[in-house]
Amino acid sequence: MNGLLKSLIVKTSILCAAAFIAWASHAQSNTNPALFNLSPETVEYVGGFRIPLSTKGESRIAYSQGVFALRPNKNAFFIVGHSHHQGIAELEIPELSKSKTISDWNFATFNQPFSLIIPRASSGNPQKINRITGMKEIEGQLIVNGMEYYDGDANVRDTTLIVREADHLERSKIDGFFQLQGAAHAAGWISEIPALWRKELNSEYLVGNASALPINSRLSIGPTAFTAHFFGVLNSEEKSGLILTDSLMDFSLKHPIVPDQYNKSLKNNLWTELSAAHYGFIIPNTSSYLVIGKSGGHNSGIGYKITQDNGRECGGPCSVKAGDSYNYFWLFDVADFVSVKSGKKQPYQPQPYQFGFFDTVNTHPYIIGADYSNKTELLYVVYSGEDKYQSQYEAAPVVRVYKIRGK
(Lines give C-alpha, C1' and ligand atoms only; values in the text may rest on other atoms or scores of the structure.)
Protein backbone atom coordinates (compact mmCIF):
# COMPACT_ATOMS: atom_id res chain seq x y z
CA MET A 1 0.00 0.00 0.00
CA ASN A 2 2.33 2.76 -1.14
CA GLY A 3 5.04 2.85 1.44
CA LEU A 4 3.31 1.49 4.55
CA LEU A 5 3.85 -1.90 2.93
CA LYS A 6 5.99 -4.79 4.07
CA SER A 7 8.69 -2.71 5.74
CA LEU A 8 6.31 -1.18 8.29
CA ILE A 9 6.10 -4.21 10.55
CA VAL A 10 9.76 -5.22 10.15
CA LYS A 11 11.23 -1.72 10.55
CA THR A 12 8.80 -0.64 13.24
CA SER A 13 9.41 -3.80 15.24
CA ILE A 14 13.15 -3.11 15.17
CA LEU A 15 12.74 0.56 16.04
CA CYS A 16 9.89 0.11 18.49
CA ALA A 17 10.09 -3.40 19.90
CA ALA A 18 8.99 -2.23 23.33
CA ALA A 19 5.89 -0.65 21.86
CA PHE A 20 4.80 -3.87 20.20
CA ILE A 21 5.28 -5.80 23.44
CA ALA A 22 3.15 -3.22 25.24
CA TRP A 23 0.46 -3.49 22.59
CA ALA A 24 0.33 -7.28 22.82
CA SER A 25 -0.12 -7.32 26.58
CA HIS A 26 -2.60 -4.46 26.57
CA ALA A 27 -4.72 -6.04 23.87
CA GLN A 28 -5.31 -9.09 26.04
CA SER A 29 -6.79 -7.00 28.86
CA ASN A 30 -9.07 -4.85 26.68
CA THR A 31 -11.59 -6.98 24.85
CA ASN A 32 -14.50 -4.63 24.11
CA PRO A 33 -13.92 -2.57 22.12
CA ALA A 34 -10.68 -3.88 20.67
CA LEU A 35 -7.46 -1.99 20.16
CA PHE A 36 -6.50 -1.23 16.57
CA ASN A 37 -3.19 -2.56 15.29
CA LEU A 38 -1.76 -0.51 12.43
CA SER A 39 -0.58 -2.88 9.71
CA PRO A 40 -0.97 -3.46 5.96
CA GLU A 41 -4.02 -5.61 6.81
CA THR A 42 -5.84 -2.77 8.58
CA VAL A 43 -4.77 0.20 6.44
CA GLU A 44 -5.40 0.13 2.69
CA TYR A 45 -4.09 2.79 0.30
CA VAL A 46 -6.94 3.66 -2.07
CA GLY A 47 -5.44 6.46 -4.18
CA GLY A 48 -4.45 10.10 -4.38
CA PHE A 49 -5.19 13.40 -6.07
CA ARG A 50 -3.57 16.76 -6.85
CA ILE A 51 -4.42 20.37 -5.99
CA PRO A 52 -4.12 23.15 -8.62
CA LEU A 53 -1.21 25.51 -8.00
CA SER A 54 -2.73 28.58 -9.67
CA THR A 55 -3.85 31.57 -7.61
CA LYS A 56 -7.59 31.47 -6.94
CA GLY A 57 -9.12 34.31 -4.98
CA GLU A 58 -6.79 35.60 -2.26
CA SER A 59 -4.19 32.83 -2.13
CA ARG A 60 -2.75 29.71 -3.74
CA ILE A 61 -1.79 26.27 -2.48
CA ALA A 62 2.03 26.69 -2.67
CA TYR A 63 3.73 26.68 0.77
CA SER A 64 0.53 25.46 2.41
CA GLN A 65 0.74 24.22 6.00
CA GLY A 66 -1.74 21.52 5.03
CA VAL A 67 -4.65 22.22 7.42
CA PHE A 68 -7.49 20.23 5.86
CA ALA A 69 -11.16 19.53 6.66
CA LEU A 70 -13.63 17.29 4.84
CA ARG A 71 -17.16 18.57 4.21
CA PRO A 72 -19.48 16.11 6.00
CA ASN A 73 -22.30 16.10 3.45
CA LYS A 74 -20.43 16.83 0.23
CA ASN A 75 -17.66 15.26 -1.83
CA ALA A 76 -15.44 18.23 -1.01
CA PHE A 77 -12.91 19.65 1.46
CA PHE A 78 -11.56 22.90 2.87
CA ILE A 79 -7.82 23.57 2.84
CA VAL A 80 -5.58 26.44 3.96
CA GLY A 81 -3.35 27.93 1.27
CA HIS A 82 -0.03 29.78 1.32
CA SER A 83 1.31 30.24 4.87
CA HIS A 84 1.75 34.01 4.32
CA HIS A 85 -1.95 34.45 3.48
CA GLN A 86 -3.86 31.89 5.61
CA GLY A 87 -6.72 31.81 3.11
CA ILE A 88 -9.27 28.99 3.07
CA ALA A 89 -10.72 27.45 -0.10
CA GLU A 90 -13.19 24.67 -0.84
CA LEU A 91 -12.41 22.10 -3.53
CA GLU A 92 -14.23 19.11 -5.00
CA ILE A 93 -12.61 15.69 -4.49
CA PRO A 94 -11.84 14.08 -7.89
CA GLU A 95 -11.66 10.42 -8.78
CA LEU A 96 -8.72 8.88 -6.93
CA SER A 97 -5.75 7.40 -8.78
CA LYS A 98 -3.36 4.64 -7.73
CA SER A 99 -0.81 5.51 -10.41
CA LYS A 100 2.75 5.74 -9.08
CA THR A 101 3.24 8.82 -11.27
CA ILE A 102 1.75 11.91 -9.64
CA SER A 103 1.43 13.72 -12.96
CA ASP A 104 -1.19 11.11 -13.93
CA TRP A 105 -3.42 11.98 -10.95
CA ASN A 106 -6.63 13.98 -11.25
CA PHE A 107 -6.93 17.54 -9.96
CA ALA A 108 -9.36 18.69 -7.31
CA THR A 109 -11.49 21.56 -8.63
CA PHE A 110 -12.44 24.77 -6.86
CA ASN A 111 -15.93 25.19 -5.43
CA GLN A 112 -14.96 28.34 -3.49
CA PRO A 113 -11.78 30.41 -4.01
CA PHE A 114 -9.32 31.19 -1.23
CA SER A 115 -10.74 33.73 1.21
CA LEU A 116 -8.91 35.45 4.06
CA ILE A 117 -10.67 34.66 7.33
CA ILE A 118 -8.57 36.05 10.18
CA PRO A 119 -8.74 39.76 9.18
CA ARG A 120 -12.56 39.57 9.20
CA ALA A 121 -12.92 38.38 12.82
CA SER A 122 -15.77 40.24 14.55
CA SER A 123 -13.55 41.06 17.55
CA GLY A 124 -10.55 42.10 15.49
CA ASN A 125 -7.28 40.33 16.13
CA PRO A 126 -5.75 41.85 19.28
CA GLN A 127 -3.51 38.83 20.01
CA LYS A 128 -2.08 38.64 16.49
CA ILE A 129 -3.23 35.16 15.53
CA ASN A 130 -1.50 34.45 12.21
CA ARG A 131 -1.57 30.67 11.69
CA ILE A 132 -4.61 28.47 11.12
CA THR A 133 -3.98 25.19 12.94
CA GLY A 134 -7.22 23.21 12.62
CA MET A 135 -10.70 23.21 11.02
CA LYS A 136 -13.97 21.30 11.23
CA GLU A 137 -17.39 21.89 9.69
CA ILE A 138 -20.22 21.39 12.19
CA GLU A 139 -23.87 22.14 11.38
CA GLY A 140 -22.94 24.14 8.30
CA GLN A 141 -20.50 26.33 10.22
CA LEU A 142 -16.72 26.11 9.92
CA ILE A 143 -14.79 26.06 13.21
CA VAL A 144 -11.29 27.45 12.65
CA ASN A 145 -8.52 27.13 15.26
CA GLY A 146 -5.45 29.34 15.14
CA MET A 147 -2.32 30.45 16.99
CA GLU A 148 0.30 33.17 16.92
CA TYR A 149 3.28 31.65 15.14
CA TYR A 150 5.87 32.90 17.64
CA ASP A 151 4.26 33.53 21.02
CA GLY A 152 7.48 34.14 22.93
CA ASP A 153 5.66 35.19 26.11
CA ALA A 154 3.33 32.19 25.94
CA ASN A 155 0.41 34.43 26.92
CA VAL A 156 -1.93 34.23 23.90
CA ARG A 157 -5.38 32.85 24.77
CA ASP A 158 -7.41 33.59 21.61
CA THR A 159 -7.79 30.40 19.59
CA THR A 160 -10.98 30.04 17.58
CA LEU A 161 -13.12 31.65 14.87
CA ILE A 162 -16.50 30.53 13.53
CA VAL A 163 -17.32 31.01 9.87
CA ARG A 164 -21.11 31.10 10.19
CA GLU A 165 -21.81 30.09 6.57
CA ALA A 166 -19.39 27.44 5.36
CA ASP A 167 -21.07 27.55 1.93
CA HIS A 168 -20.15 31.22 1.54
CA LEU A 169 -16.56 31.79 2.67
CA GLU A 170 -16.24 35.13 0.89
CA ARG A 171 -19.26 36.83 2.47
CA SER A 172 -19.94 34.92 5.69
CA LYS A 173 -20.00 36.61 9.06
CA ILE A 174 -17.01 35.47 11.10
CA ASP A 175 -17.41 35.48 14.88
CA GLY A 176 -14.59 35.36 17.40
CA PHE A 177 -12.00 35.16 18.63
CA PHE A 178 -13.23 32.60 21.12
CA GLN A 179 -10.88 30.97 23.63
CA LEU A 180 -10.49 27.21 23.99
CA GLN A 181 -10.02 26.48 27.68
CA GLY A 182 -6.99 24.31 26.85
CA ALA A 183 -5.34 27.25 25.02
CA ALA A 184 -2.42 26.34 22.71
CA HIS A 185 -2.40 22.75 23.99
CA ALA A 186 -5.86 22.30 22.44
CA ALA A 187 -5.79 24.72 19.48
CA GLY A 188 -4.96 22.34 16.65
CA TRP A 189 -6.90 19.59 14.90
CA ILE A 190 -10.60 18.91 15.47
CA SER A 191 -12.03 15.42 15.04
CA GLU A 192 -15.40 13.77 15.60
CA ILE A 193 -15.79 11.32 18.49
CA PRO A 194 -17.45 8.06 17.33
CA ALA A 195 -20.86 7.33 18.88
CA LEU A 196 -19.38 4.46 20.90
CA TRP A 197 -17.38 6.89 23.08
CA ARG A 198 -19.59 9.98 23.26
CA LYS A 199 -21.35 9.07 26.48
CA GLU A 200 -18.20 8.12 28.39
CA LEU A 201 -16.27 11.16 27.14
CA ASN A 202 -19.33 13.45 27.38
CA SER A 203 -18.65 15.17 24.07
CA GLU A 204 -18.95 14.80 20.30
CA TYR A 205 -15.61 16.37 19.35
CA LEU A 206 -11.95 16.20 20.27
CA VAL A 207 -9.32 18.90 19.81
CA GLY A 208 -5.59 18.37 20.01
CA ASN A 209 -2.21 19.88 19.19
CA ALA A 210 1.51 19.16 19.51
CA SER A 211 4.74 20.91 18.59
CA ALA A 212 3.78 22.18 15.13
CA LEU A 213 4.95 25.75 15.97
CA PRO A 214 7.80 27.25 18.05
CA ILE A 215 8.02 27.94 21.82
CA ASN A 216 7.90 24.69 23.80
CA SER A 217 6.81 26.44 27.00
CA ARG A 218 3.34 27.03 25.54
CA LEU A 219 3.02 23.61 23.90
CA SER A 220 2.38 20.02 24.91
CA ILE A 221 5.51 17.87 24.66
CA GLY A 222 3.56 15.06 23.05
CA PRO A 223 0.20 14.85 21.26
CA THR A 224 -2.88 15.92 23.19
CA ALA A 225 -6.59 15.09 23.34
CA PHE A 226 -9.27 17.37 24.83
CA THR A 227 -13.01 17.10 24.59
CA ALA A 228 -14.45 20.36 23.23
CA HIS A 229 -17.98 21.70 23.73
CA PHE A 230 -18.69 23.73 20.60
CA PHE A 231 -22.48 23.73 20.62
CA GLY A 232 -22.75 26.59 23.08
CA VAL A 233 -21.07 28.92 20.60
CA LEU A 234 -22.51 27.39 17.42
CA ASN A 235 -26.12 27.93 18.47
CA SER A 236 -25.88 31.40 19.95
CA GLU A 237 -25.30 35.02 19.02
CA GLU A 238 -22.09 35.16 21.07
CA LYS A 239 -19.15 36.69 19.24
CA SER A 240 -16.47 35.78 21.78
CA GLY A 241 -16.04 33.83 25.00
CA LEU A 242 -14.73 30.60 26.51
CA ILE A 243 -15.14 27.22 24.83
CA LEU A 244 -15.02 24.57 27.57
CA THR A 245 -12.57 21.70 27.18
CA ASP A 246 -11.67 18.69 29.32
CA SER A 247 -8.14 17.33 29.26
CA LEU A 248 -7.88 13.63 28.39
CA MET A 249 -4.19 13.60 27.45
CA ASP A 250 -1.78 16.48 27.83
CA PHE A 251 1.94 16.92 28.43
CA SER A 252 4.33 19.74 29.33
CA LEU A 253 8.00 20.57 29.84
CA LYS A 254 7.62 19.30 33.42
CA HIS A 255 5.75 16.17 32.37
CA PRO A 256 6.79 15.31 28.76
CA ILE A 257 5.53 12.19 27.05
CA VAL A 258 9.11 10.87 27.31
CA PRO A 259 12.33 12.44 28.69
CA ASP A 260 15.57 12.91 26.72
CA GLN A 261 14.00 14.99 23.95
CA TYR A 262 17.39 15.34 22.20
CA ASN A 263 17.86 11.57 22.38
CA LYS A 264 21.36 11.76 23.84
CA SER A 265 20.90 8.18 25.04
CA LEU A 266 19.97 6.97 21.54
CA LYS A 267 17.21 4.97 23.26
CA ASN A 268 14.28 7.35 22.73
CA ASN A 269 12.24 5.95 19.85
CA LEU A 270 8.91 7.55 20.84
CA TRP A 271 8.96 11.38 20.67
CA THR A 272 11.82 13.87 20.27
CA GLU A 273 12.44 17.58 19.83
CA LEU A 274 11.85 16.98 16.09
CA SER A 275 8.45 15.31 16.52
CA ALA A 276 5.25 17.07 15.48
CA ALA A 277 1.67 15.78 15.32
CA HIS A 278 -0.76 17.12 12.75
CA TYR A 279 -3.96 15.14 13.27
CA GLY A 280 -5.54 12.73 15.74
CA PHE A 281 -8.84 10.82 15.81
CA ILE A 282 -10.57 7.89 17.50
CA ILE A 283 -11.04 5.02 15.06
CA PRO A 284 -14.71 3.93 15.09
CA ASN A 285 -15.51 0.56 16.73
CA THR A 286 -12.14 0.51 18.48
CA SER A 287 -10.50 1.78 21.65
CA SER A 288 -7.75 3.51 19.66
CA TYR A 289 -6.74 7.14 19.18
CA LEU A 290 -4.50 7.39 16.10
CA VAL A 291 -2.18 10.40 15.77
CA ILE A 292 -0.07 11.04 12.65
CA GLY A 293 2.73 13.47 11.94
CA LYS A 294 6.50 13.35 11.68
CA SER A 295 9.49 12.58 13.87
CA GLY A 296 13.27 12.37 13.72
CA GLY A 297 16.55 11.84 15.51
CA HIS A 298 15.60 8.41 16.83
CA ASN A 299 18.60 6.70 15.27
CA SER A 300 21.36 9.34 15.31
CA GLY A 301 20.34 11.74 18.07
CA ILE A 302 19.71 15.49 17.85
CA GLY A 303 21.92 18.55 18.14
CA TYR A 304 21.25 22.28 18.27
CA LYS A 305 22.66 24.41 15.41
CA ILE A 306 24.99 21.60 14.43
CA THR A 307 26.48 20.66 11.07
CA GLN A 308 24.85 17.46 9.85
CA ASP A 309 26.67 14.58 8.20
CA ASN A 310 25.83 16.00 4.76
CA GLY A 311 27.43 19.38 5.56
CA ARG A 312 24.20 21.27 6.18
CA GLU A 313 24.34 23.82 9.01
CA CYS A 314 21.12 23.79 11.05
CA GLY A 315 19.46 26.93 12.33
CA GLY A 316 18.00 25.09 15.31
CA PRO A 317 17.47 21.48 16.46
CA CYS A 318 18.15 18.83 13.82
CA SER A 319 19.14 15.19 13.60
CA VAL A 320 22.85 14.35 13.54
CA LYS A 321 22.30 12.40 10.34
CA ALA A 322 20.38 14.31 7.67
CA GLY A 323 18.26 11.32 6.64
CA ASP A 324 17.10 10.55 10.18
CA SER A 325 13.56 11.97 9.81
CA TYR A 326 10.30 10.34 8.75
CA ASN A 327 6.52 10.33 8.88
CA TYR A 328 5.37 8.75 12.12
CA PHE A 329 2.28 7.51 13.94
CA TRP A 330 1.29 6.98 17.57
CA LEU A 331 -1.64 4.87 18.84
CA PHE A 332 -3.17 5.44 22.30
CA ASP A 333 -5.85 3.52 24.22
CA VAL A 334 -9.04 5.55 24.69
CA ALA A 335 -9.63 3.60 27.91
CA ASP A 336 -6.77 5.66 29.35
CA PHE A 337 -8.73 8.83 28.47
CA VAL A 338 -11.69 7.49 30.44
CA SER A 339 -9.37 6.84 33.38
CA VAL A 340 -8.12 10.43 33.19
CA LYS A 341 -11.67 11.74 33.02
CA SER A 342 -12.63 9.76 36.12
CA GLY A 343 -9.56 10.97 38.02
CA LYS A 344 -7.80 7.59 38.12
CA LYS A 345 -4.93 8.84 35.95
CA GLN A 346 -3.25 12.18 35.27
CA PRO A 347 -3.42 13.62 31.72
CA TYR A 348 0.35 13.15 31.32
CA GLN A 349 0.25 9.41 32.09
CA PRO A 350 -1.17 7.85 28.88
CA GLN A 351 1.49 6.25 26.70
CA PRO A 352 1.18 4.90 23.14
CA TYR A 353 0.85 1.15 22.81
CA GLN A 354 2.13 1.18 19.20
CA PHE A 355 4.14 3.74 17.23
CA GLY A 356 6.53 3.91 14.29
CA PHE A 357 6.87 4.77 10.63
CA PHE A 358 3.77 5.82 8.72
CA ASP A 359 3.79 5.43 4.95
CA THR A 360 6.96 6.71 3.24
CA VAL A 361 10.04 6.09 5.38
CA ASN A 362 12.25 8.98 4.25
CA THR A 363 12.79 12.69 4.83
CA HIS A 364 10.24 13.93 2.31
CA PRO A 365 7.38 14.43 1.71
CA TYR A 366 6.22 15.15 5.24
CA ILE A 367 2.67 14.78 6.49
CA ILE A 368 1.29 18.28 7.11
CA GLY A 369 -2.45 17.71 7.61
CA ALA A 370 -5.29 15.20 7.54
CA ASP A 371 -8.95 14.53 8.23
CA TYR A 372 -10.94 11.34 8.73
CA SER A 373 -14.54 10.52 7.83
CA ASN A 374 -16.36 8.27 10.30
CA LYS A 375 -18.96 7.65 7.59
CA THR A 376 -16.64 6.40 4.83
CA GLU A 377 -13.78 5.18 7.06
CA LEU A 378 -11.39 7.12 4.81
CA LEU A 379 -8.36 9.02 6.09
CA TYR A 380 -7.25 11.88 3.82
CA VAL A 381 -3.58 12.79 4.38
CA VAL A 382 -1.87 15.90 2.99
CA TYR A 383 1.80 15.53 2.01
CA SER A 384 3.98 18.63 1.63
CA GLY A 385 5.44 19.83 -1.68
CA GLU A 386 5.38 16.50 -3.51
CA ASP A 387 3.79 17.74 -6.75
CA LYS A 388 6.68 19.34 -8.65
CA TYR A 389 5.08 18.94 -12.08
CA GLN A 390 2.97 22.11 -12.17
CA SER A 391 5.77 24.68 -11.79
CA GLN A 392 9.56 24.76 -11.84
CA TYR A 393 9.47 27.38 -9.07
CA GLU A 394 6.91 26.09 -6.60
CA ALA A 395 5.69 22.68 -5.48
CA ALA A 396 2.15 21.77 -4.43
CA PRO A 397 1.01 19.33 -1.75
CA VAL A 398 -0.81 16.15 -2.69
CA VAL A 399 -3.51 14.19 -0.88
CA ARG A 400 -3.38 10.43 -0.35
CA VAL A 401 -6.37 8.48 0.92
CA TYR A 402 -6.36 5.40 3.15
CA LYS A 403 -9.10 3.05 4.25
CA ILE A 404 -8.88 2.56 8.03
CA ARG A 405 -10.77 -0.53 9.14
CA GLY A 406 -11.71 -0.59 12.80
CA LYS A 407 -13.32 -4.03 12.67
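The values are calculated or read from the model by the stated rules, or taken from the named source; none is laboratory data. Note that the structure is predicted; figures quoted are calculated from it, not measured. Please note: Cβ atoms are built from the backbone with ideal geometry, for glycine as well, and neighbour counts cover all protein chains shown.
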Legend entry - residue 351 more than 30 Å from residue 253 (Cα to Cα), at pLDDT 95 or above and part of a loop (DSSP other than H, G, I, E, B): no
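Here is a yes/no grid of residues against (1) in a helix (DSSP H, G or I); (2) surrounded by fewer than 22 Cβ atoms within 10 Å (Cβ to Cβ); (3) out of contact with any Leu (no Cβ under 8 Å at 6 or more places or on another chain); (4) modelled with pLDDT under 95:
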position	(1), (2), (3), (4)
223	no, no, yes, no
247	no, yes, yes, no
262	no, yes, yes, no
267	no, yes, yes, no
274	no, no, yes, no
277	no, no, yes, no
286	no, no, no, no
291	no, no, no, no
295	no, no, no, no
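Kindly evaluate residue 242 against the criterion of being surrounded by fewer than 23 Cβ atoms within 10 Å (Cβ to Cβ) and either touching a His at 6+ places or on another chain (Cβ under 8 Å) or not in a strand (DSSP E or B) (or both). Can you show your working first?
Working: surrounded by fewer than 23 Cβ atoms within 10 Å (Cβ to Cβ): yes; either touching a His at 6+ places or on another chain (Cβ under 8 Å) or not in a strand (DSSP E or B) (or both): no.
No; evaluated as a whole, the condition is false for this residue.
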Inset, instruction - Select from region 101-116 the residues that are touching a residue at least 12 places away in the same chain (Cβ under 8 Å), assigned to a loop (DSSP other than H, G, I, E, B) and not hydrophobic (A, V, I, L, M, F, W, C) and list them in ascending order. - result: 106
Legend entry - Criterion violated by residue 124 - all others in (1) within 30 Å of residue 237 (Cα to Cα); (2) in contact (Cβ under 8 Å) with a residue 12 or more places away in the chain; (3) assigned to a loop (DSSP other than H, G, I, E, B) satisfied: (2)
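With a cut-off of at least 2 residues that are under 18 Å from the mean Cα position of the chain (by Cα), name the strands (runs of 3 or more DSSP E) lying wholly within region 31-88.
68-70, 76-80
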Legend entry - One residue from 53, 4, 91 being at pLDDT 95 or above and touching an Asp or Glu at 6+ places or on another chain (Cβ under 7 Å): 53
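Taking residue 352 as the residue in question, decide whether it is buried (at least 22 other Cβ atoms within 10 Å of the Cβ) and within 30 Å of residue 405 (Cβ to Cβ). Walk me through how you get there before you give the answer.
Working: buried (at least 22 other Cβ atoms within 10 Å of the Cβ): yes; within 30 Å of residue 405 (Cβ to Cβ): yes.
Taking the combined requirement at face value, the residue satisfies it.
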Inset, instruction - Of the numbered conditions (1) modelled with pLDDT of 95 or more; (2) over 23 Å from the mean Cα position of the chain (by Cα); (3) in a loop (DSSP other than H, G, I, E, B); (4) not polar (S, T, N, Q), residue 119 fails exactly one; give the number of that condition. - result: (3)
